[in-house]
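The values are calculated or read from the model by the stated rules, or taken from the named source; none is laboratory data. Here the structure is a predicted model, which is why all the values come from computation and not from measurement. Cβ placement follows ideal geometry from the backbone for every residue including glycine, while neighbour counts extend to all protein chains displayed. Note: areas computed on protein heavy atoms with side chains; ligands, DNA, RNA excluded. Shrake-Rupley method; radii C 1.70, N 1.55, O 1.52, S 1.80 Å.
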Amino acid sequence: RRALSADQHDAVQRRKLPGLTLRAEAVRAYPEPGFGGHLLGFVGYAGDLRRGQYGLEGYYEPQLAGTPGSLRSAKDARGQLVAVAGQVGRQPVDGASLVLTVDRTAQFAACEQIRWGVERFDAVGGSILVMDPHSGAILAMCSTPDFDPERYGSAELETFNNPVITEAYEPGSIFKVITMAAGVDLGLVTPASTYEDTGEVKIIGSKSIRNSDLKAHGAQTMTQVLEKSLNTGAVYVATLVGKERFRQYVTAFGFGAPTGVTLAGESAGNARALEKRGIIYTLTASFGQGITVTPLQYLAAFSAVVNGGVLVTPYVVEAVVAADGTTRKTAPQVVRQVISARTSATISGMLVSAVDGVYDHKAKVAGYRVGGKTGTAQIADPKGGYGSDVDHTFVGFAPADDPKFVILVKLAKPTAVKHAADSTTVVFSRLAEFLLHYYQVPPNG
């Protein structure tokens, strides 16, 4: 048995049982419970060997573990080394240390807010991500239910997977931001462009796509499409963009491929539906159905929308420090320019209007201009169609003029309220307000 308590150790020692010995061994300590087990991972046993598993521990196991030393020589009958025999040895090499981009204060605040949100809105789980949209540096990453890396043996196996990189889901209306960015970037629509919202769009036979409120709103601008989260408006823009160009933008934003973050177990999501022949897959994807994304994947794409149009690789390790003190720093990595800087500024302004409007107003932060978009997404039934359960997401940025951070809040299957506009917006507002004050950002609204 390993990891005896002090009382157990003393009891065994007092008994002096023949053949039973006590041996000290090193253990991996995680001194701050609640920091985020998904991010860290843990050091556990794989057979008789202790290895880093999941999270940072799993991804960086070779660097963190170092290299054990060895000594090979002849022994006598009593097991003692023979001094005159030749010896072959190898000196051990200590493992490296990691310096994270994660801000300790922001991390604890994010963990506190997602736990509050899950409890307040009666969700089965939830996640929060905070990232610098310009560099890709992750400032906070926390999900619940979580586990304590020091007591990983008492957690359920499925709890070890980090939801922000492993759980791909249909994002719902937050994907309208991507659709609108494509339309504006191609010069097909402007914030003031209008279309006639009849409440539904006929697609195949008797089937049609309707707005979530089941209403027809008449003449609507593209800004109102985001403010009111109109499915028909997203379909209208996607139709203008066209099947192939829409697929190209979705791919350019990074969907359907891993982000490249250095954490174990990242999923690529699934955008393969857009490769199918029918236009229906483009139309449903325009408002976030029929394709899947991970929270980190979407936040990276959203960062490109608000940072001037540049997709950057998210990263969580600022530097790797070798045992000899040599430091290898992580440089921010630009993947590609996805949309123009002008399109980025235009969509950012439309997202500010979305928060200033009626629907997403609970995301507001007193004294600051912020922008963002909600998504209330039906969860696909494995047997086909959609069930009654939903995921709530809000993705936003602050301050609006020069974003210090972007935040994604996701709640899985909340039941206390129907729409993300009443749940994830509240969590975003609470965390954004704290972070704006913590980073001493001057009020701008």
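This table checks each residue for (1) in contact with a helix residue (DSSP H, G or I) (Cβ under 8 Å, 6 or more places away or on another chain); (2) among the charged types (D, E, K, R).
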position	(1), (2)
Q91	no, no
D94	no, yes
V99	no, no
T105	yes, no
V118	no, no
S127	yes, no
V130	yes, no
E170	no, yes
F175	yes, no
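Yes/no matrix, rows are residues, columns are (1) open to solvent by 10 Å² or more (accessible area, probe 1.4 Å); (2) more than 16 Å from the chain's Cα centre (by Cα); (3) touching a residue at least 24 places away in the same chain (Cβ under 8 Å):
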position	(1), (2), (3)
Y152	yes, yes, yes
E156	yes, yes, no
A168	yes, no, yes
P171	no, no, yes
V177	no, yes, yes
V184	yes, yes, yes
L188	yes, yes, yes
P191	yes, yes, yes
Identity of the residue in the stretch 232-269, over 17 Å from I291 (Cα atoms) and among the hydrophobic types (A, V, I, L, M, F, W, C), that ends up surrounded by the most Cβ atoms within 10 Å (Cβ to Cβ): L263
Among residues of the stretch 362-386, those that are open to solvent by 30 Å² or more (accessible area, probe 1.4 Å) and either without any contact (Cβ under 8 Å) to a residue 12 or more places away in the chain or within 19 Å of V124 (Cβ to Cβ) (or both), counted: 10
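Which residue out of A354, A420, A331 is open to solvent by 20 Å² or more (accessible area, probe 1.4 Å) and of a type in the set (A, V, I, L, M)?
Values: A354 fails: open to solvent by 20 Å² or more (accessible area, probe 1.4 Å); A420 fails: open to solvent by 20 Å² or more (accessible area, probe 1.4 Å).
Answer to the selection: A331.
Sort out which residues of the stretch 295-328 are polar (S, T, N, Q), outside any helix (DSSP H, G or I) and either touching a helix residue (DSSP H, G or I) at 6+ places or on another chain (Cβ under 8 Å) or crowded, with 23+ Cβ neighbours inside 10 Å (or both), and write them in order of number. Give the derivation first.
First, pick out the residues of the stretch 295-328 that are polar (S, T, N, Q): 297, 303, 307, 313, 326-327.
Applying the additional criterion that residues be outside any helix (DSSP H, G or I) yields 307, 313, 326-327.
Within the stretch 295-328, N307, T313 meet the criteria.
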Every residue from the stretch 238-271 that is touching a Leu at 6+ places or on another chain (Cβ under 7 Å), within 19 Å of G309 (Cα to Cα) and of a type in the set (A, V, I, L, M): V241, V250
Subset of the stretch 430-445 [closer than 20 Å to L139 by Cα and part of a loop (DSSP other than H, G, I, E, B)]: Y439, Q440, V441, P442
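What about S229, is it of a type in the set (S, T, N, Q), farther than 30 Å from L39 by Cβ and in contact with a strand residue (DSSP E or B) (Cβ under 6 Å, 6 or more places away or on another chain)?
Working: of a type in the set (S, T, N, Q): yes; farther than 30 Å from L39 by Cβ: yes; in contact with a strand residue (DSSP E or B) (Cβ under 6 Å, 6 or more places away or on another chain): no.
No; evaluated as a whole, the condition is false for this residue.
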Residue count, the stretch 209-229 (criterion: surrounded by 14 or more Cβ atoms within 10 Å (Cβ to Cβ) and either at positive phi or touching a helix residue (DSSP H, G or I) at 6+ places or on another chain (Cβ under 7 Å) (or both)): 12
Cβ pairs under 6 Å, 6+ apart, first in the stretch 400-429 and assigned to a loop (DSSP other than H, G, I, E, B), second modelled with pLDDT under 95: K413/D389
